[in-house]
Amino acid sequence: MDPLKWLAKRQGQGNLRRLRPLVRPLAGDLHLAGNSRPLIDFSSNDYLALSCHAQVIATARQFLEEHGAGSGAARLMSGDLALHHRLEKEIARFKGQEAALLFGNGYMANTGVIPALMGRHDVIFSDKLNHASIVDGSLLSGARLVRFRHNDMDHLADLLARKRGSGQALIVVESLYSMDGDKAPLAELVALKERHNCLLLVDEAHATGIFGATGAGVVEEAGVADQVDLVMGTFGKALGSYGAYVAARQGWIDFLVNRARSFIYSTALPPAVIGASLGALQVVRGNPGLGQQLLARVEFFKKALASYNLEVESSTQIMPLMIGASGAAVEMAAQLGEAGFFVTAVRPPTVPENTARLRFSVTLHQGEGDLSSLAEQVAALV
């Protein structure tokens with residue numbers, strides 16, 4: 001492959017990615033490096049604004065001062081700190097599972113867990129819109145990968161009936177899809193996994209902290225925590241920190257300690273990150289209405305868009321406005337930037353061809369005035 005020709009082709013398609021250095025003060029807005037003009041951030045996954053929360057920062061600072069900047073080693077060497085176990089116990093309890101295991105990030109969790117569970121004599125049934133980390137983890141496993149139409153339980157049932165086979169089978173979904181903002185039908189998935197004797201892995205990266213009576217996620221909201229075999233989630237989105245976890249029965253966690261290569265061969269998360277995550281969990285558990293506050297802003301933004309005859313098919317904090325052509329989406333994002341809004345144009349291969357979109361991410365950093373102003377600017381461009 002000629003990298004220069006490849007880059008030129010991507011640029012011609014409107015799909016070339018570039019890094020844009022940003023400065024993000026604690027107030028929540030941001031600006032481009034070298035330009036002090038503030039931009040209201042509609043691309044962040046810091047849904048509950050916890051990255052700036054005083055308690056989260058204070059706990060991170062305390063852990064940094066008490067335990068140092070780094071963990072020093074992988075956890076199976078000398079990096080297994082008592083504070084890691086403390087966070088694992090807290091997140092397991094939060095997710096309604098027996099135990100949990102920390103990973104460096106969500107990508108490392110999915111690319112470590114799926115190959116640990118599955119091998120070349122097994123089969124994985126994966127939603128077509130699953131995150132790249134799930135796709136890559138499935139390919140790394142060597143198992144047969146069977147993809148079903150997005151949230152189509154009839155299609156999944158047909159594939160399970162025809163292609164389940166006699167080995168281990170895994171169904172893997174996201175509880176809240178990161179580019180479309182819709183939820184998985186978890187009750188139906190649980191019924192199918194039990195009928196066909198499969199494992200069920202649910203990625204709760206974008207749901208943890210927001211949905212359910214205590215903010216534990218869509219698995220809690222659907223009342224299926226006891227029936228989902230493994231739940232993955234991250235600390236770097238609504239919980240405002242960094243890192244990821246898998247929560248499951250103790251036997252599965254013991255198995256992953258011995259099999260998940262991205263856990264075994266990675267330096268453990270640093271103390272300040274553990275402190276921030278523990279602080280965020282304390283905030284969420286002490287304020288179970290935070291998710292509802294966020295969803296109220298989602299409804300406000302939907303109504304503001306609807307007042308301009310703009311419809312967004314999402315009831316969650318991830319709100320995509322479909323544009324179609326990549327170039328048009330990039331141009332609209334640039335125009336919104338000129339108007340003071342940082343909005344990301346999401347293009348292939350992150351999303352399917354001809355479905356480029358503006359992905360609006362609603363957070364508690366934004367007020368109703370920000371949401372109204374953005375709706376007005378979008379309407380002027382469409």
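No lab work stands behind these numbers, since they all come straight from the coordinates. Being a predicted model, the structure only gives us computed values, none of them experimental. Virtual Cβ from ideal backbone geometry, glycine too; neighbours counted across all protein chains shown.
In the range 135-152, the residues that are without any contact (Cβ under 8 Å) to a residue 24 or more places away in the chain and within 15 Å of Asp203 (Cα to Cα) never reach a residue that is surrounded by 17 or more Cβ atoms within 10 Å (Cβ to Cβ) and β-branched (Val, Ile, Thr) with C-beta atoms less than 9 angstrom apart, at least six apart or across chains. Does Thr316 fit the bill of being of a type in the set (Ser, Thr, Tyr) and buried (at least 21 other Cβ atoms within 10 Å of the Cβ)? Taking the combined requirement at face value, the residue satisfies it.
One residue alone among Leu176, Leu192 is surrounded by 15 or more Cβ atoms within 10 Å (Cβ to Cβ), under 18 Å from Thr234 (Cβ atoms) and in contact with a helix residue (DSSP H, G or I) (Cβ under 7 Å, 6 or more places away or on another chain), and that residue is Leu176.
Mind listing just one residue for me: the one in the range 65-87 that is among the hydrophobic types (A, V, I, L, M, F, W, C) and buried (at least 17 other Cβ atoms within 10 Å of the Cβ) and, of those, farthest from Ala268 (Cα to Cα)?
To start, the set of residues in the range 65-87 that are among the hydrophobic types (A, V, I, L, M, F, W, C) comprises 69, 73-74, 76-77, 81-83, 87.
If we keep only those that are buried (at least 17 other Cβ atoms within 10 Å of the Cβ) too, we end up with 81, 83, 87.
Working: Leu81: 9, Leu83: 11, Leu87: 13 Å.
Here the residue is Leu87.
Here are some residues: Phe360, Phe301. Which one is in contact (Cβ under 8 Å) with a residue 12 or more places away in the chain, touching a Leu at 6+ places or on another chain (Cβ under 7 Å), crowded, with 22+ Cβ neighbours inside 10 Å and not in a helix (DSSP H, G or I)? Give the steps one after another, and end with the answer.
Numbers: Phe301 fails: not in a helix (DSSP H, G or I).
After applying the criteria, what remains is Phe360.
Among the residues of the range 112-142, write down those that are in contact with a Gly (Cβ under 9 Å, 6 or more places away or on another chain), within 15 Å of Ala244 (Cβ to Cβ) and surrounded by 24 or more Cβ atoms within 10 Å (Cβ to Cβ). Hits for the range 112-142 are Gly112, Val113, Ile114, Gly137. Of the residues making up the range 1-24, those that are free of Cβ contacts under 8 Å to residues at least 12 places away in the same chain, surrounded by 12 or more Cβ atoms within 10 Å (Cβ to Cβ) and closer than 14 Å to Thr350 by Cα are Arg10, Leu16. Of the set (1) touching a strand residue (DSSP E or B) at 6+ places or on another chain (Cβ under 7 Å); (2) in a loop (DSSP other than H, G, I, E, B), all apply to Leu170 but (2).
Here's the yes/no breakdown for (1) in a loop (DSSP other than H, G, I, E, B); (2) without any contact (Cβ under 8 Å) to a residue 12 or more places away in the chain; (3) touching a Leu at 6+ places or on another chain (Cβ under 6 Å):
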site: Ala225; (1), (2), (3): yes, no, no
site: Lys237; (1), (2), (3): yes, no, no
site: Phe263; (1), (2), (3): no, no, no
site: Ala280; (1), (2), (3): no, no, yes
site: Pro288; (1), (2), (3): yes, no, no
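For first residues located in the range 156-167 and touching a residue at least 24 places away in the same chain (Cβ under 8 Å) and in a helix (DSSP H, G or I), partners that are surrounded by 12 or more Cβ atoms within 10 Å (Cβ to Cβ) and among the β-branched types (Val, Ile, Thr) and lie 6+ apart or on another chain with Cβ distances below 7 Å form the pairs Leu159/Val146; Lys163/Val123; Lys163/Val146.
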